[in-house]
Amino acid sequence: MVSNAPTGYRDAALSEWEPGSQVDVDEAVEFLRAVYGEVPTLGRVEPRLTTVRDQIAALGTYWHTPQELVHGARLAWRNASRCIGRLYWRSLLVLDRRSSRTHQEIFEDLVAHLLKATGEGEHRGRLRPIISVFRQAVAGRPVTRLRNDQLIRYAGYDDDAGDAQNRELTRAAMALGWQGKGSPFDLLPLILQTGDEEPTCFELPETAVLEVPLTHPEFVWFAELGLRWHAVPAISNMRLSIGGIDYPLAPFSGWYMGTEIGARNLADEHRYNMIPAIARCMGLDMSSEATLWRDRALVELNRAVLHSFARAGVRMSDHHTESRRFMSHVERERAAGRPVPADWTWIVPPMSASLTPVFHRYYAEADLRPNFYAM
Ligand code: ARG
């Protein structure tokens, strides 16, 4: 998912979501029919429907087979109307972590997720889309979830250092005994919590977090700004909903589109707010808005992001390429007879919008399942 819309949807605090007492049979049936229809190697759906109906009648829930889980997660991505990167939905690697129980086990799985998502050994930087799916929610059983909205987050301090968006999460970590260095890019620990129990805090090992220091293709001074960003965006606070089953912990990651970092994370006033500093270093005339100094600084910041990731061998795409890919996706889905629900306000890139093809049209909005939901 690529955030172009205003922030505020990410809340570091735990919300009130609780699993329902009974899985919706119709939703289960509809999902299974869709999956068995799309994946012929799974065989006939009828016997499976009988089993699932019996299980729901007896136990109030059912369990996905590994193949159902894999395809279900891919469909959730395909249906994610805010994501511009959906062309590759079939390539999603699904790590089935449903048997992990303790916070320690879950933490180790999350580290494994980051390593795999980053690419290991000679493949480091060759990011690939991955989701780790943990235990499904069952009525009456406390839910385990992460307080972190992403696996990798930089601390934000009250004196303004760091990522102001993460102040609440930073406070929560400090309340658990974590201490940051107070630098602009301190990695926050993961905070796992089950029900109302005491949360546990885990420091990420350095090897699990690939970061890219930012330089500019021409401006030598740019490196001295000391900017950097992490390679892997990994959303960790959304509930995955498949066939009536909820997976409250199902972090997923892909690769960045440059503007997420260059036109939002480092540019937004309530984030790193770097535009004025960059404009000053560029020696731009900031005496009037009409000089478009903000826009000019924004372009150079985004060039630096794309340049630095490319130089570091870390996969990233630009908004022109990603927009074209999205149009291919729309076309492919149309050919397959499927709708592509999309949210214009999220799909359209936050800079040079009208230079990309995704700007010049409207999209159907629909809440198709499987999907990801804010808790
Ligand atoms: N916009 C978010 C960020 O800047 C990441 C959202 C997911 N993005 C992605 N390319 N998969 O951290």
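Structural remarks
- For segment 169-180, the candidate set comprises residues that are hydrophobic (A, V, I, L, M, F, W, C) and over 18 Å from residue 271 (Cα atoms); within that set, the residue that is surrounded by the most Cβ atoms within 10 Å (Cβ to Cβ) is 173.
- Count of residues meeting criterion [without any contact (Cβ under 8 Å) to a residue 60 or more places away in the chain, out of contact with any strand residue (DSSP E or B) (no Cβ under 9 Å at 6 or more places or on another chain) and not aromatic (Phe, Trp, Tyr)] in segment 274-317: 25
- Candidates 110, 115, 49, filtered to the one that is within 15 Å of the chain's Cα centre (by Cα), over 29 Å from residue 328 (Cα atoms) and not in a loop (DSSP other than H, G, I, E, B): 110
- Where a residue in segment 350-370 is free of Cβ contacts under 8 Å to residues at least 40 places away in the same chain and its partner, wherever it lies, is basic (Lys, Arg), with Cβ under 9 Å and at least six apart: 356/324; 357/324
- Qualifying residue in segment 82-99 (condition: of a type in the set (Asp, Glu), under 26 Å from the mean Cα position of the chain (by Cα) and either open to solvent by 30 Å² or more (accessible area, probe 1.4 Å) or at pLDDT below 95 (or both)): yes
- In segment 334-349, the residue that is surrounded by the most Cβ atoms within 10 Å (Cβ to Cβ) out of those that are touching a residue at least 40 places away in the same chain (Cβ under 8 Å) and not in a loop (DSSP other than H, G, I, E, B) is 347.
- In the set 126, 82, only one residue is outside any helix (DSSP H, G or I), of a type in the set (Lys, Arg), within 16 Å of the ligand (Cβ to nearest atom) and closer than 14 Å to residue 252 by Cβ; that residue is 82.
- Within segment 265-315, being among the charged types (D, E, K, R) and open to solvent by 60 Å² or more (accessible area, probe 1.4 Å) holds for 269, 280, 285, 289, 294, 295, 296, 303, 311, 315.
- Filtered by the rule that a residue be among the aliphatic types (A, V, I, L, M) and open to solvent by 40 Å² or more (accessible area, probe 1.4 Å), segment 37-57 gives 42, 57.
- Every pair of residues 6+ apart whose Cβ atoms lie under 8 Å, when the first sits in segment 81-106 and is in contact (Cβ under 8 Å) with a residue 40 or more places away in the chain and basic (Lys, Arg) while the second is part of a helix (DSSP H, G or I) and open to solvent by less than 30 Å² (accessible area, probe 1.4 Å): 82/346; 82/347; 86/78; 86/326; 86/329
- Residue within segment 220-229 that is in contact with a strand residue (DSSP E or B) (Cβ under 8 Å, 6 or more places away or on another chain), within 30 Å of residue 79 (Cβ to Cβ), modelled with pLDDT of 95 or more and within 14 Å of the ligand (Cβ to nearest atom) present: yes
- Of residues in segment 199-219 being more than 15 Å from the ligand (Cβ to nearest atom) and among the aliphatic types (A, V, I, L, M), the one least open to solvent (accessible area, probe 1.4 Å): 208
- Of all residues in segment 181-198, those being open to solvent by less than 30 Å² (accessible area, probe 1.4 Å), assigned to a loop (DSSP other than H, G, I, E, B) and under 27 Å from residue 18 (Cα atoms) number 3.
- Boolean, residue 239 is part of a strand (DSSP E or B), out of contact with any Cys (no Cβ under 8 Å at 6 or more places or on another chain) and open to solvent by 10 Å² or more (accessible area, probe 1.4 Å): yes
- Per-region count, segment 248-283, residues more than 17 Å from the chain's Cα centre (by Cα), more than 16 Å from the ligand (Cβ to nearest atom) and not in a helix (DSSP H, G or I): 1
- Within segment 150-162, the residues that satisfy the criterion of being crowded, with 22+ Cβ neighbours inside 10 Å and either outside any loop (DSSP other than H, G, I, E, B) or within 17 Å of the chain's Cα centre (by Cα) (or both) are 151, 152, 153, 154, 156, 162.
The values are calculated or read from the model by the stated rules, or taken from the named source; none is laboratory data. Since the model is a prediction, treat every value here as computed from it, not as a measurement. Every residue, glycine as well, gets a Cβ built from its backbone with ideal geometry; the counts of neighbours run over all protein chains shown. What goes into the accessible areas is simple: the full protein's heavy atoms, side chains included, and nothing from ligands, DNA or RNA. Shrake-Rupley method; radii C 1.70, N 1.55, O 1.52, S 1.80 Å.
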